[in-house]
Amino acid sequence: MLQHKIISLRELYRFVRAHGHEEKALAIDGSNSTGKEYCRRCKKCVSEVVEQRGIYLWGFYNSAGFWVNVYIGLADFRKTAHLKERLYKELTAERASIWRAVYPNKAGLLAAGQRIHPKM
């Protein structure tokens, strides 16, 4: 049976807007308490997702209110590749996509990322 669920990222956006001045939270190495709290909130976001295989779609609503597809992914049955874990990994490892909300432009986010992860 086909099942679907929409995960709201509203709480993550609220969090990053409240902590946007803490640039170190963009670090994905777990060295920052704000970054760790962001990860806890990501876990809560996906808490109701079933550990199964599936397809997931990232996107957003543009200023005109239309949905824009960004990425489509496939999760399988492997231990760390089921749907719940894949979504969690995407939200934490690709957190810049959420933190983008607190930067006025793409260049600001890229500059912050370069300061935090100079080898990337």
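Each value in this text was obtained by applying a stated rule to the coordinates, not by laboratory testing. The model shown is predicted, which means the values in this text are computed figures rather than measured ones.
Do the sum for the chain: with -39,500 (n - 2.57) for every DSSP H run of n ≥ 4, divided by all residues, what is the mean residue ellipticity at 222 nm, to the nearest 500 deg cm²/dmol?
That comes out to -11500 deg cm²/dmol.
Which log10 I(q)/I(0) values, to two decimals, does the chain give at q = 0.09, 0.10, 0.23 Å⁻¹ under the Debye formula with one point per Cα? Log10 I(q)/I(0), no solvent term: -0.27, -0.33, -1.42.
Cα convex hull, the stretch 35-81: 116 Å³ per residue, rounded to a whole number.
Taking a ≥ b ≥ c as the square roots of the eigenvalues of the Cα gyration tensor, the stretch 6-75 is classed as oblate, since a/c reaches at least 1.5 and a/b does not exceed b/c. Quick one: angle between helix 106-116 and the longest Cα principal axis of the chain, in degrees between 0 and 90, rounded to 10, please. Between the helix axis and the principal axis of the chain, the angle is about 80 degrees. For the chain, a Gaussian network of Cα nodes joined below 10 Å ranks 27, 96, 107 by mean-square fluctuation, and the top entry is 107. Once Rg and the Kirkwood radius are both taken over the C-alpha atoms of the stretch 45-107, their ratio Rg/Rh works out to 1.04.
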